[in-house]
Each structure stands twice: as C-alpha cells, then as structure tokens.
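Data block below; observations after.
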Amino acid sequence: MSSISNRLFAGLIFVILIPLYILISLWILFQSGSPVLFKQKRLGLNGKIFFIIKFRTMVRGAEDILNKDKKLTESYLKNDYKLNSNDDPRLTRCGRILRKWSIDEFPQFINVIRVDMNLVGPRPIVPKEIERYDGIENKFLSIKPGITGVWQINGRSQVDYSTRRAMDMHYIDHRTLKYDLWILWQTIFAVISKRGAY
C-alpha cells in the first residue's frame, strides 16, 4: 500500500475509534492514573528512531522495574524480549485485558498518520533487538514497520525469534498490495481468536 493510502486509511480508522479511545483512556485513568499513553523508542525506516505509541498497560516506571530485577530481566531476554502476562508483575489489571484483545495497539494508527509506520510491515523492534538481525539488518530496515504483519497473524508471542525474523524477511521479499490486504483481513481473525496475545 502507498504511503498516502496508509495515512488515509489510518486516519479514517482513528476517527471511527475516537469514542473507544476516550472510554479506554478514562478506564486507564480510573484504575492506574496518568499517563494514558506509553511511548517507547523503536527502529523505523533506515534505522530512524521513532516513538511507538500504545495505551499504557503497565505501572509507571515499568522499565525501571525490569532493569532493576535481574531475574525478571533474564526471563525477558531469554523469552525474546517479552514476558508472559501471567508472569509479568508490571502489568495493570486493565492492561492485561487490553493486551489480550490487542486494544493497546490501537494508538499506533497515530504512528501511521505521522508516517513512522505502515499498516502492514515487519514488527517494530527496540534498538537493541537489531543485533538479532546480524547480516540482514539493512534489508530489515529497508521498509517501515507495521501495526500488523505476518508475525501477528501466525501466533505472535508463541513464535520464537528466529521464526519471526524469517517471517519478516519473507514479507519484505514478497510484499504486494494483495498480500497486504490479505494480512489485514487475517488480522481481524487473529485479534478475535486472541491467539498468542500477551
């Protein structure tokens, strides 16, 4: 999909979801206070740093909690830069539900409007993860990351890192408008099934 198509579609969805954004924001504020949104550095096109936007699902200072807890950090790194929601003490009550239904990802439509991301693309990674793409990092960074992609419709967090990396490369080699539309369609069913979401 072209950049203009991405932005127009993202803008339309964003407007449609405004009532939901308001309700979720109030829910987060009521349960765990501000801020409502969470921003984190990710690698974009050609390695440009941008801040991905999500609904906050963790307690304030979550990254400090992770960095100070060696056991938690080891588990996080061993599990390919993620923690199972049942084992993550940083998650809030509403955060667990938002993640289960992938609702925490909705603010990323703002990233598409701001041209940081596409609707479909490789998974946006934190800067230190680029080490996992040794030798193919330039290829991986040759297109914008996406809100959804091959990884998201094929098990998400249940997929190991090497398989996820292979999925990203497959998408980059075979991406077409038809392929993007198919991924977007399949994303609906992946979200509904909640498979691999945590």
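The values are calculated or read from the model by the stated rules, or taken from the named source; none is laboratory data. Just so it is clear, the model here is predicted, and its values are computed rather than measured. Because the Cβ atoms are built from the backbone with ideal geometry, glycine has one as well, and the counts that use them run over all protein chains shown. Side chains are part of the model used for accessible areas, which takes the heavy atoms of the whole protein and leaves out ligands, DNA and RNA. Shrake-Rupley method; radii C 1.70, N 1.55, O 1.52, S 1.80 Å.
Descriptive notes on the structure:
- Filtered by the rule that a residue be part of a helix (DSSP H, G or I), among the charged types (D, E, K, R) and surrounded by 14 or more Cβ atoms within 10 Å (Cβ to Cβ), region 177-198 gives a lone residue, Asp180.
- Leading residue by the ranking (least open to solvent (accessible area, probe 1.4 Å)) among those in region 87-107 that are hydrophobic (A, V, I, L, M, F, W, C) and free of Cβ contacts under 8 Å to residues at least 40 places away in the same chain: Leu91
- A single entry from Phe51, Phe38, Phe30 fulfils the requirement of being in a helix (DSSP H, G or I) and either out of contact with any Pro (no Cβ under 6 Å at 6 or more places or on another chain) or over 27 Å from His174 (Cα atoms) (or both): Phe30.
- Pairing each residue of region 109-130 that is among the aromatic types (Phe, Trp, Tyr) with any residue that is surrounded by fewer than 21 Cβ atoms within 10 Å (Cβ to Cβ), provided the two are 6+ apart or on different chains, yields C-beta distances under 8 Å for Phe109/Gly11; Phe109/Ile13; Phe109/Phe14; Phe109/Leu17.
- Which listed residue, of Tyr171, Tyr133, is more than 21 Å from Lys41 (Cβ to Cβ) and open to solvent by less than 60 Å² (accessible area, probe 1.4 Å): Tyr171
- Search result, residues across region 146-190 that are under 13 Å from the mean Cα position of the chain (by Cα) and among the hydrophobic types (A, V, I, L, M, F, W, C): Ile147, Val150, Trp151, Ile153
- Annotation note: Cβ proximity below 9 Å between a residue of region 58-86 that is among the aromatic types (Phe, Trp, Tyr) and a residue that is open to solvent by less than 70 Å² (accessible area, probe 1.4 Å) (sequence gap 6+ or interchain) occurs for Tyr76/Leu66; Tyr76/Lys82; Tyr76/Leu83; Tyr76/Asp88; Tyr81/Ile125; Tyr81/Val126; Tyr81/Glu129; Tyr81/Tyr161.
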